[in-house]
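Readers should treat all values here as calculations from the given coordinates under stated rules, not as data from a laboratory. Keep in mind the model is a prediction, meaning the values are calculated, not measured. Counting neighbours? That spans all protein chains shown, and the Cβs are built from the backbone with ideal geometry, glycine included.
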């Protein structure tokens, strides 16, 4: 039996040599390395032994081993890379960092700077470090700087710090800001920042930290220049300025090289960030991210065991009564920006005066926090401020049992300020419309501006609207837009002010507007403060999370603010968290859970870490965002997202990264086989090399050290991605490969598997047909191994394309002396379709008359006439007579949801090319808004049906629902939305921040989403009935054409979602005016649009959902067809006709529809197991040899071959 055994060049993870797939599957390394003793797993063994050494050190110092989360973090810390640990409060981050600091100083003799936000935490961390040092029996000089020390003691300590006379220094962020010059002389090796937000909210502190690590102002300037260049690159590409783009790309590559050189010079320094949340924004946060290769912005709620509740109140007595029942061990937070702050301050006064059952209450401070910990104070109160001492500086799991908010944590904005951004204006316009104001045209205008302007232009516009920038300083283009926006802002502020003034409080989704003596305020819930503050009541204690209770007391008038907070909480937890009414909870049960969890009762966390591999960074970020705001780090050049989640009592540390498409492709090395395929006596070996991508022009190639198009030697190589995959895979317990659910995705999954096989990890293949949380969990539960038949089918398809395409293309290059020409097994017959259609068009020429009748919407009538004079006479008529031939009530059944070919046909009708349509659909899929878009199935799952029913219920159309699965299930579903949100609801959720997408959404995204959404919802609705009449159109005694008009809907159905065009004539005979007319030379046969060609490919069985758009783009790129500007019709060029006629006459069996269809069916047969890829490749070669296009050279059996 002829084997298929691909050769992967330079793929051995040990020696870097070539390896066959059989060898990689069996041992993970090449044959030579598998025979060497003592080599296998040496690096992994070293890393594993160091982790175990550290775990032993940890257990000795703390008294218990690390839990799973700490082990995952420790692996990163020990690697020496800059690390961010973003996890809920109370999970042992500070304990781990304290042990790591002592370990680093003891084992590696490193000096450590440990920064914390408050003096209270300086004392706590210092004591922890001393305790760890003593228990581990190490002799270290641990020092702590306290501003309350005597002047003499401070001066002595500062002198020691300047001289480096310490091993570990604990200090506050304010010390860091004040004494940077002292620290720079101390030669610190490791900087640990515990609570990153409080330190790095200052731009100056970011610069100070970079200087401590070794990055001077020159390096910072380089990064600024790089960021500026990135934006210029985007602009030049958008404007189609290829020459400018190439020039800027060259400058960017040079800048990146200099930044990387600076990064490598800093080697040996390590920065570790720790926080429960990360909210870094602005230019300098991006600079920090660029230089340290880690993103500190993130928020996660896993492990948090808090019951979130609220209670509407109108008096302080209600609050005092509840707090009295809750008893000792609470923190009371007052919302500082709340419009009813005075009311809540009065309630705090009642608590202080002992109204709450004699509880002792003090204001939060380092001293009162210690009293609370010792039980000398029952309650402390403070401000619900993200950076406040009571929100961030408290770690007392046994003492703090519940959290009370007097008013929801929120931000307030004056109406005028809120209206100073385009998104704010758009949201206010929607509010006005919902309140009955005619604002539709303004909404459309604002949407156009939002999608048209760049991020920097949007920021500039906002500054002008706030009065901080003079409009005269803008370009004419922006000045005109701003002038119009100022008008809109003035009007909208007046309208909304009047609306709010009438009712006092207006609810607008997750926003609340309230009327005060100082004007209208917009109230926006402060999610980050809420998460940070509630974390004080749920922390790790004795290996378990303590249970906590959160109660928001909100004035009854402003309960919508709580609902807004809940919407944001649901958004970051994917609906896992909600806020319940307190009076619907079993408060006694809550208090029991609070106490029992602090006694150590309840189960410990299970833990595992997993790597999920996808194709696209957007998809990676979308999936990671299901569980909060993920942390991002860069390994090599590859972004890696991390976030933990908890399910079924187990914490899973999710690490997710993207391959950026295929890792390998067939080589173009002329020395490696026949078009990259080597034939042995008993095997066929396609030779794969990693894919390179030119960083200047974007061309992809596999062979050579320079771009074959522009000659640049600056390129990225998928070997770097493979190295990153291997590094990250070492850190986890299991790997799940979630590339696209088709043959191409299976081949990528197989390549990933082979790349990490040597690590000995559990590796699974999973499929996601939509990017949603539900589908993610379903995929993990339905794990499997890589399906070799699918892989071999894709190898066959690629070999087929290469053998047939390269053979024919090479022949064309020689014949026409033009290397830009190309041919292929599918593109050539498709070119034939277009040429044949052009012939039919030419054979059916006529004089085409177009008349616009004075009916609703200006109805167009077209007719083809043989004689020009008759056509011109008809066109000159000023009226036409419509004579009704028939009229009847007709039932209109809903269409099925889109398949790929139906989708491309539909978008073609609105002027969108297949290539653009597939790229936009890919974006929507990766952002989690639609299901997988490469499908030939109309099937709808029960999940999809439920989604449609939920939407129809929200629109009061449940009575029109007609659920349908549209056929049996297969590999894929139809294309459908993943949320019950129409385009208006989606846009509103985005503008309010309830839905946060992982990339900007454009007008085209929304237009196509709307098309997909309406088609899907219509497919789940009842038919509608309408009166349909047929009319003859008569001009000057000549019956020009027949019209079939829907005149009236008599029974509603899916027409409410997909509105048909209604044109009512209202008489058996009617005379209507002719508004305009034209006569052109045309044809009775229409040229093909791209949608028509896709439908023809589907009908003839020569294309696939994954290749339709690529085929059309390919024949356009070769110059074989052009597209008409106005009607978007495909016209063959002279070159296209000449090439097709040559190929079809010389090689008819290779480019015929029948041959192409048989080859496509062969792919399915390989998947089914009814034939073998190696056999079918051999048959293709036989056919090519018959035509003298190629000549294979057999090599000896591959088992005896020497691996290069």
Taking the simple approach of a point 7 Å from Cα along Cα-to-Cβ for both residue 266 and residue 286, what is their distance in nm?
-> 1.8 nm
If each residue's Cβ is checked for other Cβ atoms within 10 Å, how do 1064, 1098, 152, 371 rank with the fewest at the top?
-> 152, 1064, 371, 1098
Expressed as an acute angle from 0 to 90° and rounded to the nearest 10, what is the orientation of the C-alpha long axis of helix 827-843 relative to the principal long axis of the chain?
-> 40 degrees
Between residue 699 and residue 230, take the C-beta separation as r, use R0 = 22 Å, and let me know the FRET efficiency to the nearest 0.05.
-> 0.65
Counting every C-alpha pair in region 420-511, the percent lying more than 15 Å apart is 59 percent
Based on other C-beta atoms within 10 Å, arrange 813, 966 from fewest to most.
-> 813, 966
Spread of Cα-to-Cα distances over 5 Å intervals beginning at zero, given as percent, for region 900-1022 = 2, 11, 22, 23, 20, 15, 6, 1
Note: residue 1041 to residue 367 extended length (0.36 nm per residue) minus current alpha-carbon separation gives 233.5 nm
Projected onto their principal axes, the Cα atoms of region 1058-1204 stretch, largest extent first, over whole-Å spans of 87, 37, 29
Chain lengthening between residue 1071 and residue 777 when straightened (0.36 nm per residue, less Cα-Cα) = 99.5 nm
Residues 505, 112, sorted so that the one with the fewest Cβ neighbours within 10 Å comes first | 505, 112
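Would you mind computing Rg(Cα) / (2.2 N^0.38 Å) for region 633-779, counting N as its residues? Present the calculation step by step, with values, prior to reporting the outcome.
On the way: Rg = 17.7 Å, N = 147, 2.2 N^0.38 = 14.7 Å.
Cα Rg divided by the expected 2.2 N^0.38 Å: 1.21.
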Rounded to the nearest 500 deg cm²/dmol, what is the calculated helix-only ellipticity per residue at 222 nm for the chain, with -39500 (n - 2.57) per DSSP H run of length n ≥ 4?
-> -14000 deg cm²/dmol
Taking the chain as the reference, fit the longest principal axis to its C-alpha atoms, fit the long axis of helix 316-326 to the helix C-alpha atoms, and give the angle between the two in degrees, 0 to 90, nearest 10.
-> 80 degrees
Please report the relative contact order for the chain, taking Cα pairs under 8 Å with a sequence separation of at least 6, and give it as a percent rounded to a whole number.
-> 10 percent
Expressed in angstrom, Rg and Dmax over the Cα atoms of region 1108-1167 are 14.3, 43
Kindly provide the pair-distance distribution of the chain built from C-alpha pairs, with 10 Å bins from 0 and whole-percent values in order of increasing distance.
-> 2, 8, 14, 19, 20, 16, 11, 6, 3, 1, 0, 0
Rounded to whole angstroms and listed largest first, the alpha-carbon spread of region 114-257 along its three principal axes comes to 65, 29, 25
Potential extension, residue 1185-residue 154 segment - 0.36 nm per residue separation minus Cα distance | 362.4 nm
Please find the FRET efficiency linking residue 503 to residue 1059, where r is the Cβ-Cβ separation and R0 is fixed at 25 Å, and quote it to the nearest 0.05.
-> 0.15
Given 10 Å bins starting at zero, what is the percent of C-alpha pairs of region 540-675 in each, up to the one with the largest pair distance?
-> 10, 24, 27, 20, 10, 4, 3, 2
Which of rounded, prolate, oblate describes region 287-442, given a ≥ b ≥ c as roots of the alpha-carbon gyration tensor eigenvalues and a/c under 1.5 marking rounded, otherwise prolate only if a/b is larger than b/c?
-> oblate
Using r as the Cβ-Cβ distance of residue 872 and residue 954, and R0 as 45 Å, what FRET efficiency do you calculate, to the nearest 0.05?
-> 0.25
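Place the peptides 1099-1105, 1181-1187 in order of packing, highest mean first, counting for every residue the other Cβ atoms within 10 Å and averaging per peptide.
Numbers: 1099-1105: 19.7, 1181-1187: 15.4.
Ranking, from highest mean packing down: 1099-1105, 1181-1187.
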Rounded to 5, percent antiparallel among DSSP beta bridges of the chain = 60 percent
Taking a spot 7 Å from the Cα of residue 1027 along the direction of its beta carbon, which residues of region 1042-1071 have an amide N less than 12 Å from it?
-> 1046-1051, 1063-1068
Could you tell me the convex hull volume per residue, in Å³, taken over the Cα atoms of region 367-463?
-> 163 Å³
Measure nothing but the geometry: give the 0 to 90° angle between the long axis through the Cα atoms of 242-265 and the longest principal axis through the Cα atoms of the chain, rounded to 10°.
-> 30 degrees
